[in-house]
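The values are calculated or read from the model by the stated rules, or taken from the named source; none is laboratory data. Because the structure is a prediction, the values reported are computed rather than measured. Reconstructed Cβ throughout: ideal geometry from the backbone, glycine too, with neighbour counts over all protein chains shown.
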Amino acid sequence: MIIEELTMPALVNGLSKTRTIIIPFGSVEEHGQHLPLGTDTIHVYELSKKASEHHPLFVAPPVWYGLCRSTNQHAGTITISANTLRMLTIELAGSFYNKGFRNFILLSGHAGGTHMATLIDAGEEILARFKESQVAVLSILDLIAKIPDNIVETEGDSHAGEVETSLMLHLRPMHVDGTSPEEYPSFPMHILVRDKKKFWPGGVWGDPSKASREKGKTLLEKEIEVLLELVNRIES
């Protein structure tokens, strides 16, 4: 059930079937030279909607902006602060809770470490504030990690590489503009840097050349399976 498409009676009726809602988090962020800035949000929202076709659950409108630390100097990356992300997440969950929702899956298409830590912190606060709530926090990379190794060829692929390019070739082929060179960031261990583009110039983490539309279809199907397993666990 897609929240933005429901009437008031449809929402009330839906709550008699499930109290579970996925809140998709994405970003407006560079994705190499070839993928659209909305890749993270497009992916996570389409995945969530597809999952709702297989199991009764609600899907909230996506949160388009995230905390983008490593890519914040690249063209096209629009970032928000940790405090903004944290408070927005808590307030959204609180409003949904007041309408009868109880199981919250905070699913992020953007998997930056600081971004995910902020969502986990917000999830802990949701648990503390709303006594009947249950919360799961995960990123797309957590789903991909549970997919058999023989599908993804690139070790450590995570951003605008094989996986995301394959998924976008499947979901939005008209928005994929060629490809980008294989690349992996080279940030110094433990040392924070001002000039982040110096250590990650192309904004790719992986090998886009290994992507295919067929692989994207398979990856999305596998992601749905893993996500639904989580839904079943949080509801049981």
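If I ask for residues that are in contact (Cβ under 8 Å) with a residue 12 or more places away in the chain and among the hydrophobic types (A, V, I, L, M, F, W, C), which ones from the range 118-143 would you list?
LEU119, ILE120, ALA122, ILE126, PHE130, VAL135, ALA136, VAL137, LEU138, ILE140, LEU141, LEU143
Take LYS146 and decide whether it is within 30 Å of SER133 (Cβ to Cβ), in a loop (DSSP other than H, G, I, E, B) and touching a residue at least 60 places away in the same chain (Cβ under 8 Å). Lay out the reasoning, then the answer.
Values: within 30 Å of SER133 (Cβ to Cβ): yes; in a loop (DSSP other than H, G, I, E, B): yes; touching a residue at least 60 places away in the same chain (Cβ under 8 Å): yes.
In short, yes.
For LEU106, all conditions in the list (1) hydrophobic (A, V, I, L, M, F, W, C); (2) over 28 Å from LYS198 (Cβ atoms); (3) surrounded by 19 or more Cβ atoms within 10 Å (Cβ to Cβ); (4) free of Cβ contacts under 8 Å to residues at least 24 places away in the same chain hold save one; what is the number of the exception?
The failed condition is (4).
Pull out all pairs, ordered by first then second residue, where Cβ-Cβ is under 6 Å, the residues are six or more apart or on different chains, the first lies in the range 24-43 and is in a loop (DSSP other than H, G, I, E, B), and the second is acidic (Asp, Glu) and surrounded by fewer than 23 Cβ atoms within 10 Å (Cβ to Cβ).
HIS34/ASP177
In the range 109-151, which residue that is under 11 Å from the mean Cα position of the chain (by Cα) and β-branched (Val, Ile, Thr) is farthest from ASN232 (Cα to Cα)? So that I can check it myself, show each step before the final result.
Let us first name the residues in the range 109-151 that are under 11 Å from the mean Cα position of the chain (by Cα), namely 109-112, 115-116, 137-143.
Among the residues that remain, those that are also β-branched (Val, Ile, Thr) are: 137, 140.
Working: VAL137: 15, ILE140: 18 Å.
Among residues in the range 109-151 that are under 11 Å from the mean Cα position of the chain (by Cα) and β-branched (Val, Ile, Thr), the one farthest from ASN232 (Cα to Cα) is ILE140.
When you check GLU132 against the structure, is it at pLDDT below 95 and farther than 16 Å from HIS43 by Cβ, yes or no?
Numbers: at pLDDT below 95: no; farther than 16 Å from HIS43 by Cβ: yes.
Judged against the criteria, GLU132 is not a match.
Looking at (1) touching a Phe, Trp or Tyr at 6+ places or on another chain (Cβ under 9 Å); (2) over 18 Å from HIS175 (Cβ atoms), which one does MET8 not meet, given that it meets all the others?
(1)
Give the range 73-93 a look and list any residue that's touching a helix residue (DSSP H, G or I) at 6+ places or on another chain (Cβ under 7 Å) and either of a type outside the set (Lys, Arg) or at pLDDT below 95 (or both), or say none.
Step one: list which residues in the range 73-93 are touching a helix residue (DSSP H, G or I) at 6+ places or on another chain (Cβ under 7 Å), which gives 73-74, 82, 85-86, 89-90, 93.
The answer is GLN73, HIS74, ALA82, LEU85, THR89, ILE90, ALA93.
Exactly one condition in (1) farther than 18 Å from VAL204 by Cβ; (2) surrounded by 24 or more Cβ atoms within 10 Å (Cβ to Cβ) is not met by ILE80; state its number.
Failing condition for ILE80: (2).
Any idea which residue in the range 1-23 is surrounded by the fewest Cβ atoms within 10 Å (Cβ to Cβ), counting only those that are more than 14 Å from the chain's Cα centre (by Cα) and part of a strand (DSSP E or B)?
Only one residue tops the list, namely ILE2.
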